[in-house]
Amino acid sequence: MRREGRRSGRDETPSNHTATLLRRREADGVTHPDALGEYDARVTAQGQTPEATLYSIPGSHPAMAARRMLELKGIPYKRVDLMPVISRGVLKAMRFPSNTVPSLTIGGRKLTGSRAIAAELDRLRPEPPLYPSDDDARVAVAEAERWGEEVLQPAVRRLSWNILKRDRTSLGSYAEGARLGVPIGLAVKTAAPIVAAASRMNSADDETVRADLAALPGWLQRVDDWIAEGVLGAEPPNAADLQIGASLRLAMTFDDLRPAIEGRPAVEMALRAIPQFPGRAPPVLPAAWLEPLRQSEPARSTR
Ligand SMILES: N[C@@H](CCC(=O)N[C@@H](CS)C(=O)NCC(=O)O)C(=O)O
């Protein structure tokens with residue numbers, strides 16, 4: 001089930017290729033004020049009436065995965081940006097199945113959850129498929145997607161809140177292009193209680209995050225292995241590429257992590273699956289916590 005032709009730029013080494021892709025993304029507008037709005041702008045520029053409304057939080061990786069799903073399916077949608085924590089009350093009042101983002105209204109239905117959204121979008125608009133038609137391949141993609149949602153996604157969320165709790169100056173960069181109903185600067189200035197509450201709600205305590213960082217090299221290897229097996233990394237991206245790719249793209253916005261993870265097949269997959277992901281956080285984590293990542297570097301350079 002390995003699919004060919006996944007990697008472009010064949011004469012480039014993986015790490016050069018990643019660096020080129022990263023530079024291109026940056027040149028393309030990661031730092032541009034409208035970068036975040038690109039997926040949404042492309043559909044609205046076509047003058048299409050939104051068929052769906054996506055509820056998101058700035059920097060939310062599963063919400064970014066859902067945005068990419070809608071874009072790949074060519075479904076015009078409107079995006080509503082919510083403040084973290086406050087989002088819970090809004091979504092509850094709107095009677096979504098749960099109070100997290102992404103939540104989506106489409107075809108008269110209310111959906112919550114990146115996996116539920118992927119499955120429903122494939123049902124409503126089968127092309128391009130988010131899941132392979134071959135039974136074995138579909139099971140493998142669904143398993144990778146489930147792992148991406150249950151293991152990698154919450155770990156990267158914990159990391160992000162732990163990092164933001166240490167230094168809130170980068171908060172605004174994640175809200176690039178978002179319309180929160182209040183000026184971004186004001187939202188950032190008043191964010192301390194929200195960051196504290198979100199850290200608590202997501203168990204982003206030091207001990208858990210340190211354990212997540214120790215597990216990260218093994219998780220990255222797992223993603224690289226799935227790519228080698230052809231479960232991940234084909235074009236167009238499948239539901240698992242989007243799920244896992246969105247988490248890796250958020251992880252790559254952390255200066256603490258990016259040098260240790262870039263150059264891997266996993267990162268190249270993430271850049272293709274999620275071409276843009278706004279935000280950048282300066283290094284703030286204790287060096288000792290990052291040691292497991294550094295130790296894993298020589299092993300991957302032999303791949
Ligand atoms: N696992 C869920 C995501 C659930 C989740 O925790 N989403 C976060 C944003 S990444 C959220 O809604 N948080 C609410 C809050 O911060 O108050 C999915 O894949 O849809």
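The values are calculated or read from the model by the stated rules, or taken from the named source; none is laboratory data. This one's a predicted model, so the numbers in the text were calculated from it and none came from an experiment. Using ideal geometry, Cβ is built from the backbone for each residue, glycine included, and neighbour counts are taken over all protein chains shown.
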I'm checking my understanding of the structure. Among residues of the range 225-251 that are hydrophobic (A, V, I, L, M, F, W, C) and within 16 Å of the ligand (Cβ to nearest atom), which one is surrounded by the most Cβ atoms within 10 Å (Cβ to Cβ)?
ILE244
I'd like the residue in the range 142-167 that is farther than 15 Å from TRP226 by Cα and of a type in the set (Asp, Glu) and, out of all such residues, is farthest from the ligand (Cβ to nearest atom).
ASP167
Out of (1) farther than 26 Å from ALA140 by Cβ; (2) part of a loop (DSSP other than H, G, I, E, B), what's the single condition that is false for ALA288?
(2)
I'm trying to understand the selection: among the residues of the range 94-116, which are within 11 Å of the ligand (Cβ to nearest atom) and over 11 Å from TYR55 (Cβ atoms)?
PRO97, SER98, GLY113, SER114, ARG115, ALA116
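Out of ARG146, ARG179, which single residue is under 15 Å from the mean Cα position of the chain (by Cα), among the basic types (Lys, Arg) and exposed (fewer than 15 other Cβ atoms within 10 Å of the Cβ)? Give the derivation first.
Values: ARG179 fails: under 15 Å from the mean Cα position of the chain (by Cα).
One residue alone meets the criteria, ARG146.
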Might you check whether a residue that is at pLDDT 95 or above, within 30 Å of ALA119 (Cα to Cα), assigned to a helix (DSSP H, G or I) and in contact with a Phe, Trp or Tyr (Cβ under 8 Å, 6 or more places away or on another chain) occurs anywhere in the range 250-257?
yes
Find all pairs meeting these conditions: Cβ atoms under 8 angstrom apart; at least six residues apart or on different chains; first residue within the range 231-257 and on the phi > 0 side of the Ramachandran plot; second residue part of a helix (DSSP H, G or I) and within 13 Å of the ligand (Cβ to nearest atom).
none
Only one of LEU91, LEU70 is outside the structural domain of PRO275 (by TED's automatic domain parsing), away from the ligand (no atom under 13 Å from the Cβ) and in contact with a Leu (Cβ under 9 Å, 6 or more places away or on another chain); which?
LEU70
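Could you pull out the residue among ASP136, ASP212 that is within 21 Å of the chain's Cα centre (by Cα) and either buried (at least 17 other Cβ atoms within 10 Å of the Cβ) or assigned to a helix (DSSP H, G or I) (or both)?
Details: ASP136 fails: within 21 Å of the chain's Cα centre (by Cα).
Result: ASP212 is the single residue among ASP136, ASP212 that is within 21 Å of the chain's Cα centre (by Cα) and either buried (at least 17 other Cβ atoms within 10 Å of the Cβ) or assigned to a helix (DSSP H, G or I) (or both).
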Taking the range 184-208 and keeping residues loosely packed, with under 12 Cβ neighbours inside 10 Å and either in contact with a Pro (Cβ under 9 Å, 6 or more places away or on another chain) or acidic (Asp, Glu) (or both) leaves GLU207
